[in-house]
Amino acid sequence: MALLEVRALTRRFGERIVLDAIDFDIEAGRIAALVGPNGSGKSTLLRCVAGADRADDGEVRLNGRILDETHPEVREAVAVGLDDIDFFADLSVAEHLELISFAHGGRDRDGVDRVITEFGLQPARDQLPATLSSGQRRRLALASCFVRPRRLLVLDEPEQRLDTAGLSRLATRLLAEKEAGVAVLMASHDADLVAAVADERIELGE
Amino acid sequence: MTAPLRQRGPSDDPAPGSSADPVPEPSAGTSFGPAAAPPPVRELRRRLRAGRRRHHPEALTELLGDLYMLLLGAVIYGAMFLSGAPAQWRALTGTGDPAARSWLALAALLAGTGLLWQALRAVGPLLAGPATLSWVLSAPVDRRAWLRPRFAGLVAAAAALAAVLAVCVTVAGGRTDGTELVVTGITGAVYGVALAGLGVVAQTQPRRRWPRLSAPILMGAGAVVALVVVGADLARVPISPIALPLTAVLLGLGLPAAVAAVVIGLRRLHRLDRIALSSGAGLANALLVSAMSLDPGQLVALVESRRNRRTGKIRGRRLRPAGRWWLLLQADLVRLTRRPGALLAFAALLLAQYALALALPSLAGPAQVVGAYLAGGRFTAGLSQISRTPALRRMLGGPDWLLRLVHLVLPAAAAGLFWLLTVPVGAALSAEWTPAVLIGMVVAVYRSGSRPPMNYGGAYAVTPMGMIPVDLLRQIFRGWDVLIGVALLVLLLG
């Protein structure tokens, strides 16, 4: 059985239909990339899957059950990296990551330190969010997905604002996630990244 | 989940690579053993507070300082209001019909409740900040336990605000008996609790129709009551005052509703999803910023953007070939068809003028001026856009004054039509003064609609409320300055 099933997902804004009865499945250990031009509904689809937006029709199932963000099991299983992430102005980079790890039951700071190093955030670990560059903020947002348990990873254009080294690390990380049995649904405009990691391409806006 | 599949967190990750390699291998890995349980909410909250205080130790003193300023303001302005309001009311309401007034008070209560309900739903009413949503509530923590203090705060604030409002309205109505004020305050508090509690219950049921329909039904009921009262007066049919005491009825209905709303709300807190907790945050934030900076620009922009987003797509209309100015006027008319709310507001203002003339006849004259100003203001979308965007004016070409004049046609016509339709219940002006008042009103509408963009870079004025940009004062009073003059003139002539 697929880990994630999306059936007839439809989202309208007034009379404008952004998503028109979208269907797809993702199995554990597979990466599906949403591709399509700007305005084709990639982010909207990710938001509907992550429970950040309400679809007008259709359903999203996780492990066979309707995905309902109010269930703690769903929040434990789905790690979300959308562009609506915000930060506590008075918590440092490391404190943010420790907080989310702790909220998920994590007790070991070493794991957080490893992710900080992996995402190149070591020099900024004690900085407050206001002092971070846009790339560092992006890396912090991405890192938040990897200091916690996950079975499904939902990422919206994770390549944005990453430098070449960051992109390479991201690809390595996504392949490792796949290897570990995590299903990944991501939207991307980076053809190289998609070619390197994705098992399936879901075209939107055709 | 059908299977208890769990994946390990960072604590279970393998050790990083050798010390020579500063970037460890990705530590992903799915182990399907049991994950650690999330911490108790109290512990998580303590940890978050401790972290935040480390970098921002004066947060508590700042909060207490703000609270002190709020309370001080409430005491000073409350005392001024209580000492002056009863006498003002007696001066204003001497000739009103008490029976009509009691029914119109009911109509105002219904319509006001509808508006409040809509406002509550627009901002949440229960919210979680975007950072809390991203870093705390995205985890499997007990959401009900996390939100319980917020819910209690919301209910307490609603009770306090509604009680104060109810007491103020009673005092403004000329009643100062202590027992009556206490009963009214309790009724107000119960009403506030019921509204806030029901608001949260509605938030947990986004697919149900009752939350969406309640506001139009309440406002419609208020409008029907007002229409019947106004119609009866125009047809010279006498009406009796409301037989039941409104306060007792509200208390009798409100108390069980408030208890039920709080109990159900508490039980359903865990059903508040990320969308429900975040959808009003933008509006609440814009409201706060606009209130703090006295600049409604951000709030207006957000409301407009949400309305456009809801509309999504429109059917384009071909403008009839004609002269350039006629084309611009057609475009302004097309704009109006995409804002049906403006017509509804126009009708509501008309009804309010007739109702006010019946309940508070001595205020009918100035109210007609204010009503015409507000009615015209509903139609200034084109004028506002033209005035705020130099690039748009350059694109359209022609002199600026002519562009503004063309976009003033619709608001001026709306203000004039409002005036015409309310002549029977408006200011009693002689023929020689009417044109002057009408021109003043149109000038007020023009000044309000043609506000340029806010400029924070100019001079600052020292006021009792601190340093305020001069341009902000200009923005706030633009339009109202002329309007107040015209209203005073009408009051004097009346």
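Bear in mind these aren't lab numbers, they're just calculated from the coordinates by the rules spelled out. Given the structure is predicted, the values throughout are model-derived calculations rather than measurements. Every residue, glycine among them, receives a Cβ derived from its backbone with ideal geometry; neighbour counts consider all protein chains shown.
Listing for the model above:
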quantity: Evaluated at q = 0.10 Å⁻¹: base-10 log I(q)/I(0), Debye formula over Cα of chain B; calculated: -1.02
quantity: Estimated D of region B:413-479 in µm² per second, where Rh is the Kirkwood radius over Cα pairs and Stokes-Einstein applies at 25 °C, 0.890 mPa s; calculated: 170
quantity: Values of log10 I(q)/I(0), in the order q = 0.12, 0.18 Å⁻¹, for region B:278-371 under a Debye, Cα-only, solvent-free model; calculated: -0.69, -1.02
quantity: Share of pairwise Cα separations in region A:86-143, more than 17 Å, in percent; calculated: 28
quantity: Mean separation of Cα contacts under 8 Å (6+ apart) over length of region B:97-304, as relative contact order %; calculated: 37
quantity: Distance between modelled label sites at B:His56 and B:Arg307, nm, 7 Å Cα→Cβ extension; calculated: 3.4
quantity: Fraction of antiparallel bridges per DSSP, the protein assembly as shown only, in percent to nearest 5; calculated: 50
quantity: Calculated from backbone phi, Karplus (6.51, -1.76, 1.60) coupling profile of region A:131-138 in Hz, x at Gly/Pro; calculated: 9, 7, 6, 4, x, 5, 4, 5
quantity: Order of B:Val259, B:Val370 - criterion: other Cβ atoms within 10 Å of each residue's Cβ, fewest first; calculated: B:Val259, B:Val370
quantity: Longest DSSP-loop-exposure-free segment, GluC sites (Glu not before Pro), chain B, at most 15 other Cβ within 10 Å; calculated: B:59-431
quantity: Cα convex hull of region A:107-206 - mean projected area over all directions, nm²; calculated: 7.2
quantity: Distance between region B:299-352 and region A:42-77 - C-alpha centres, whole angstrom; calculated: 36
quantity: 0 to 90° range, to nearest 10: angle between helix B:246-267 axis and chain B longest Cα axis; calculated: 20
quantity: Computed Kirkwood radius, in angstrom, where 1/r is averaged over Cα pairs of chain A; calculated: 17.4
quantity: Centroid-to-centroid separation of region B:269-284 and region A:182-197 [C-alpha atoms, Å]; calculated: 30
quantity: R0 of 41 Å, Cβ-Cβ distance B:Ser430-B:Met80: FRET efficiency to nearest 0.05; calculated: 0.65
quantity: Cβ-placed point charges (K, R +1; D, E -1), dipole of region A:86-143 about Cα centre in debye, nearest 20; calculated: 200
quantity: Region A:39-92: mean projected area of Cα convex hull, nm²; calculated: 5.3
quantity: Distance in nm between pseudo-label sites at B:Val228 and B:Ala322 (7 Å out along the Cβ direction from Cα); calculated: 4.4
quantity: Relative contact order [Cα under 8 Å, 6+ residues apart], chain B, whole percent; calculated: 15
quantity: Computed magnitude of the charge dipole of region B:237-374 (debye, nearest 20; Cβ of K, R +1, Cβ of D, E -1); calculated: 1040
quantity: With Cα atoms, 0 to 90° folded angle of helix B:210-234 axis to chain B main axis; calculated: 10
quantity: Positive-end extreme of charge dipole, chain B - chosen from B:Ser290, B:Ala232, B:Ala139 (charges on Cβ); calculated: B:Ala139
quantity: Karplus-derived 3J(HN,Hα), 6.51/-1.76/1.60, for each residue of region A:19-33, Hz, glycine and proline x; calculated: 10, 10, 6, 7, 10, 6, 10, 9, 8, 4, x, 10, 10, 10, 10
quantity: MRE, 222 nm, helices only [DSSP H, n ≥ 4, -39500 (n - 2.57), over chain B, to nearest 500]; calculated: -22500 deg cm²/dmol
quantity: Scattering profile of region B:323-494 at q = 0.08, 0.15, 0.20, 0.21 Å⁻¹ [log10 I(q)/I(0), Debye over alpha-carbon scatterers]; calculated: -0.28, -0.90, -1.24, -1.29
quantity: Projected area, mean over directions - the protein assembly as shown, Cα convex hull, nm²; calculated: 36.1
quantity: Region A:86-143: relative contact order as a whole-number percent, Cα under 8 Å and 6+ apart; calculated: 46
quantity: FRET efficiency, B:Ala413 to B:Leu473 (Cβ-Cβ, R0 35 Å, nearest 0.05); calculated: 0.70
quantity: Of the trypsin sites (Lys or Arg not before Pro) in region B:154-222, those whose Cβ has at most 10 other Cβ within 10 Å and which sit in DSSP loop; calculated: B:Arg207, B:Arg209
quantity: Whole-angstrom gap from region B:225-243 to region B:109-172, using each part's C-alpha centre; calculated: 36
quantity: Whole-angstrom Cα spans of region B:97-304 along principal axes, big to small; calculated: 64, 38, 35
quantity: Angle between chain B longest axis and helix B:340-359 axis [Cα atoms, degrees, rounded to 10]; calculated: 60
quantity: Under 5 Å, built H, 5+ apart or other chain: amide partners of A:Leu34; calculated: A:Met186, A:Ala187, A:Ser188, A:Ile202
